[in-house]
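Data block below; observations after.
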């Protein structure tokens, strides 16, 4: 009887030590813990079981928010797209900056984001989701508007005479390919000096800006 009571007391004490989350808070806490695990061990070593252990919740708790590992990865990527999209909107809608300054910040900000969040960036634009056609509806709902906003910005810069060309989609794809390549060179350790991000990005800007006739 004493052993039983002691066991019950220990169990209760353990439960009290577990973090307490509201439903919405738990999803955000799990995503934060997942990004930490990604940074430490990479995509291959991330699992819902390890995530539950890191967050201090039961093994079944993550399944209330993510159907499987792919669902978790897509949710992390969706978070990244939301942040990147909002940054691009804030920059483009800033009335205090010129069209050229907006373009410069778009290019520099893109590479800075990728270099600062390499694991998240790899999920957003890497093969683990898109090539396998594993994107969730949540991810598509935030990724596609982000892509479209890039095209809309390029069209605006073309209309203003800053960028050459009359096909905003193709021009956007070329610019995106260039900045993605720069970003990957930093992420993969080919370029190792993060202090050069601004200089290299601005060099790309100069290559794309149309010279006045």
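The values are calculated or read from the model by the stated rules, or taken from the named source; none is laboratory data. Predicted model, so just to flag it, every value in this text is computed and none were measured. Here the Cβ positions follow ideal geometry from the backbone for every residue, glycine too, while neighbour counts run over all protein chains shown.
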Options 44, 104, 53, 40: the member that is assigned by TED's automatic domain parsing to the domain that holds residue 154 and more than 15 Å from the chain's Cα centre (by Cα): 104
Top-ranked residue in the stretch 90-108 [being touching a residue at least 24 places away in the same chain (Cβ under 8 Å) and touching a helix residue (DSSP H, G or I) at 6+ places or on another chain (Cβ under 7 Å); ranked as nearest to residue 197 (Cα to Cα)]: 108
Positions within the stretch 26-54 being under 19 Å from residue 120 (Cα atoms) and touching a residue at least 24 places away in the same chain (Cβ under 8 Å), in sequence order: 27, 29, 30, 31, 34, 35, 38, 39, 42, 43, 46, 48
Pairs with Cβ under 6 Å, 6+ apart, first in the stretch 113-126 and closer than 15 Å to residue 189 by Cβ and not assigned by TED's automatic domain parsing to the domain that holds residue 81, second surrounded by fewer than 18 Cβ atoms within 10 Å (Cβ to Cβ) and at pLDDT 90 or above: none
Condition met for residue 97 (over 18 Å from residue 142 (Cβ atoms), in the same structural domain as residue 191 (by TED's automatic domain parsing) and either at pLDDT 90 or above or exposed (fewer than 13 other Cβ atoms within 10 Å of the Cβ) (or both)): yes
Subset tally (residues that are part of a helix (DSSP H, G or I) and closer than 22 Å to residue 42 by Cβ) for the stretch 122-142: 5
Flag if residue 181 is exposed (fewer than 13 other Cβ atoms within 10 Å of the Cβ), assigned by TED's automatic domain parsing to the domain that holds residue 115 and either in contact (Cβ under 8 Å) with a residue 40 or more places away in the chain or part of a helix (DSSP H, G or I) (or both): yes
Qualifying residues in the stretch 162-178 (those that are touching a residue at least 24 places away in the same chain (Cβ under 8 Å) and either within 24 Å of the chain's Cα centre (by Cα) or not in a loop (DSSP other than H, G, I, E, B) (or both)) - the one farthest from residue 116 (Cα to Cα): 163
